[in-house]
Amino acid sequence: AAAEAKAATETFEYDFIVNVLSDHNFGPAIFSIEMDGVMPTVDQFTVYDTQYRSECNNYRAPNGKCDGQVGFTDDDPNTQTVWEVSKAPVGTKLFTIRTTKKVSQLKMTTAAPQHSPGWIIKEDGVELIKETVNRGKGTNWQPTYTYDFDEARTEAAAEAKAAAKANPLAETMNDLGGGWVRVRHIPSGKKWHPSLDQLAGTDTYGSSNDDSAPWSIKFDTAVPGYDQFLFASGDGEYWLAATTDAVNGETYRDTPRDVISSSLNPEPHQVRWYNPPTAPASPWVTLRDHHDRRGRLAIYVGGSGTFEAGHSEIVQNNGGADVYIRKSSNKASVDVNPFADSAALKTAVDNCLTAVPSGLDC
């Protein structure tokens, strides 16, 4: 019953926007619209642009007039509405039709091809149909044009799927919790990031509006309190997420570091990296261990490093590389327990009992 009630109150809005002007200055000129074989009623229409050349014209009537109604919104297939083309420029939303069900197919009958613009039709604000040309200069009377909304939805879904497959990073970011902000970029090439700040985010260079060259912005300005990194190839095929503590919270050499998830292993795991104190181009973040015989697959290197031959595959072959940061939502819960292990907890309790013998304040 609840589902039926929701279906009864659900509405869909279809906006009709001029995208390409019609060829004749008497246009657009519309006789009727059908949605899934039914003509919408007058109360389903909202007409925004009323700069009509003729609000209602009945070519069968003696004087052609049909006053008191908007021709294309009534249920008479012989009445039409005509707009002045000069008063309905590109971008003009002429009207909206509201329905209680999602429309599969729409048919529009106009006066002639020359009176038929190229439309953008939106469904609930989302572009469904976009015509990049009008219907031409033809004069054949009352053509009917069919718009297959189901086919348009299928094509849109396929395009979205192809885009996600072409660069899966958006889906990856969503899976990792969202909120990621890109702060450092290197285009495709043989060299890595020119920064020498050991990934502290203090080096700034280039323009974040120009991906053809390296750029970097201040990390803590972009995301105050950030605590996670996401390193990714430009095409999104390779990526690795880790906490700031794991990446550059301390110096280390060939040491296992915690990884939240990566394109090679979606589960938490460890990879051996380098972040020596005397190397400003570090940390050297890799998908595999630094000395893995299969190749380390570097995902972050500073100092314009080439990382020796054979280890610049990602930046060279996968559209460059980017650094993203975010402030995780679970940071507070991680910090609630300040004791790394039971021994630290026991020591803290013993110290408290020594200071306050009753133990009531411990």
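The values are calculated or read from the model by the stated rules, or taken from the named source; none is laboratory data. Note that the coordinates shown come from a computational prediction; the quantities given were computed from them, not determined experimentally. Note that we place each Cβ from the backbone using ideal geometry, even for glycine, and neighbour counts take in every protein chain shown. Each accessible area value is taken on the protein alone, full model and side chains, heavy atoms only, with ligands, DNA and RNA left out. Shrake-Rupley method; radii C 1.70, N 1.55, O 1.52, S 1.80 Å.
Condition check: of a type in the set (Gly, Ala, Ser), surrounded by fewer than 18 Cβ atoms within 10 Å (Cβ to Cβ) and within 30 Å of residue 101 (Cβ to Cβ). Does residue 157 satisfy that? Criteria met by residue 157.
Pairing residues of the stretch 255-279 that are free of Cβ contacts under 8 Å to residues at least 12 places away in the same chain with residues that are assigned to a strand (DSSP E or B) and surrounded by 18 or more Cβ atoms within 10 Å (Cβ to Cβ), at Cβ distances under 6 Å and at least 6 apart in sequence or on separate chains, gives 269/259. Any idea which residue in the stretch 204-217 is surrounded by the fewest Cβ atoms within 10 Å (Cβ to Cβ), counting only those that are closer than 16 Å to residue 324 by Cβ and out of contact with any Gly (no Cβ under 6 Å at 6 or more places or on another chain)? Across the stretch 204-217, the extreme among qualifying residues is 208. For the stretch 228-245, a residue qualifies if it is open to solvent by less than 10 Å² (accessible area, probe 1.4 Å) and at negative phi, and the qualifying residues are 229, 230, 231, 232, 233, 240, 241, 242.
Quick grid of which residues meet (1) closer than 30 Å to residue 22 by Cβ; (2) more than 23 Å from the chain's Cα centre (by Cα):
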| position | (1), (2) |
| --- | --- |
| 117 | yes, yes |
| 148 | yes, yes |
| 156 | yes, no |
| 159 | yes, no |
| 172 | no, no |
| 175 | no, no |
| 183 | no, no |
| 189 | no, yes |
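Checked against the criterion of being in contact (Cβ under 8 Å) with a residue 40 or more places away in the chain, within 23 Å of residue 248 (Cα to Cα) and surrounded by fewer than 16 Cβ atoms within 10 Å (Cβ to Cβ), the candidates 201, 189, 225 yield just one match: 225. Restricting attention to the stretch 45-84 and to residues that are among the small types (Gly, Ala, Ser) and either more than 15 Å from residue 110 (Cα to Cα) or over 41 Å from the mean Cα position of the chain (by Cα) (or both), the residue that is least open to solvent (accessible area, probe 1.4 Å) turns out to be 64. With a requirement of 3 or more residues that are under 20 Å from residue 183 (Cα atoms) and either in contact with a strand residue (DSSP E or B) (Cβ under 8 Å, 6 or more places away or on another chain) or open to solvent by 20 Å² or more (accessible area, probe 1.4 Å) (or both), the strands (runs of 3 or more DSSP E) lying completely within the stretch 249-328 that satisfy it span 298-300, 321-326. Under the condition of being assigned to a strand (DSSP E or B), among the hydrophobic types (A, V, I, L, M, F, W, C) and in contact with an Asp or Glu (Cβ under 7 Å, 6 or more places away or on another chain), the residues counted in the stretch 178-234 number 1. The number of residues in the stretch 58-83 being touching a helix residue (DSSP H, G or I) at 6+ places or on another chain (Cβ under 6 Å) and not in a helix (DSSP H, G or I) comes to 3. Scanning the stretch 1-24 for residues that are modelled with pLDDT under 90 and either open to solvent by less than 40 Å² (accessible area, probe 1.4 Å) or farther than 30 Å from residue 137 by Cβ (or both) yields 1, 2, 3, 4, 5, 6, 7, 8, 9, 10.
Looking only at the stretch 106-150, which residues are hydrophobic (A, V, I, L, M, F, W, C), open to solvent by 20 Å² or more (accessible area, probe 1.4 Å) and either more than 20 Å from residue 91 (Cα to Cα) or out of contact with any strand residue (DSSP E or B) (no Cβ under 7 Å at 6 or more places or on another chain) (or both)? Answer for the stretch 106-150, where residues must be hydrophobic (A, V, I, L, M, F, W, C), open to solvent by 20 Å² or more (accessible area, probe 1.4 Å) and either more than 20 Å from residue 91 (Cα to Cα) or out of contact with any strand residue (DSSP E or B) (no Cβ under 7 Å at 6 or more places or on another chain) (or both): 126, 141.
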